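Any read-out appearing in this document is the output of simple, stated calculations on the displayed coordinates, not a laboratory observation. This one's a predicted model, so the numbers in the text were calculated from it and none came from an experiment. Don't worry about glycine lacking a Cβ; one is built from the backbone with ideal geometry, like all the others, and counts go over all protein chains shown.
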Amino acid sequence: MDIKTRLKEYEGTASYQAKMKYYRNGKFYPYYDSEGFATIGYGHLIKRGEDFSTGLTDAQADALLDKDIAIARTNVKVLQLTLPDD
């Protein structure tokens, strides 16, 4: 299973988020994570200046996850971390 699929399961699939009312009418909406931070989609921490009040489509949530994964991969390289392949 690839990293994107695993993150979606870990952060909450659309069907799970629908049960929690974070996903409705075909869009993801902001919620507060276990630490109390505003989050949307598949675990994206909402930063100052970002407005997701109208929700995110599935495609937008996927694109945001891709962007977050790219940032994490860059940071791993910059910090010269060694992580397990899985």
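At a glance:
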{"item": "Size of charge dipole - the chain - debye, nearest 20, with Cβ of Lys, Arg +1 and Asp, Glu -1, no other charges", "result": "220 debye"}
{"item": "Lys/Arg +1, Asp/Glu -1 at C-beta; the chain dipole; positive extreme among Leu79, Leu65, Gly26", "result": "Gly26"}
